[in-house]
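As structure tokens, the structure follows; a few thoughts come after it.
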Amino acid sequence: MVVTLDTLFTEALSLTDDARLQLVERLIPTIQSEPSLEAEQMGEVQRRIEEVRSGEVQTIPGEQVFRGIGESLAARRSA
């Protein structure tokens, strides 16, 4: 069975916030990039993950984000 990126993304959105963070933590090291950038990026990712886990930053469900983007684009097109 072949899973499409869209299917995988939709399934990932059904995970809890913590499970999505764990998934991101596991995926990021598999991406090959320039070593100096990778260390800097990983530091930023870890900082942001800690902000979410500590409650300092609240996440917004993906569906809400995409709905807002769609509404914004629709408003621009009709203007």
query = What number goes with the only condition from (1) surrounded by fewer than 10 Cβ atoms within 10 Å (Cβ to Cβ); (2) modelled with pLDDT of 90 or more that Arg48 does not pass?
reply = (1)
message = I'm trying to understand the selection: among the residues of the stretch 58-72, which are hydrophobic (A, V, I, L, M, F, W, C) and surrounded by 12 or more Cβ atoms within 10 Å (Cβ to Cβ)?
response = none
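Name the residue that is surrounded by the most Cβ atoms within 10 Å (Cβ to Cβ), counting only residues in the stretch 13-45 that are of a type in the set (D, E, K, R) and part of a helix (DSSP H, G or I).
Per the stated criteria, the residue is Arg20.
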ask   = Name the pairs whose Cβ atoms lie under 8 Å apart, with the first residue in the stretch 59-79 and closer than 23 Å to Asp18 by Cα, the second surrounded by 10 or more Cβ atoms within 10 Å (Cβ to Cβ), and 6 or more positions between them or separate chains?
value = Thr59/Asp17; Thr59/Val52; Pro61/Leu13; Gly62/Leu13; Glu63/Leu13
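The values are calculated or read from the model by the stated rules, or taken from the named source; none is laboratory data. Note that the coordinates shown come from a computational prediction; the quantities given were computed from them, not determined experimentally. Every residue, glycine among them, receives a Cβ derived from its backbone with ideal geometry; neighbour counts consider all protein chains shown.
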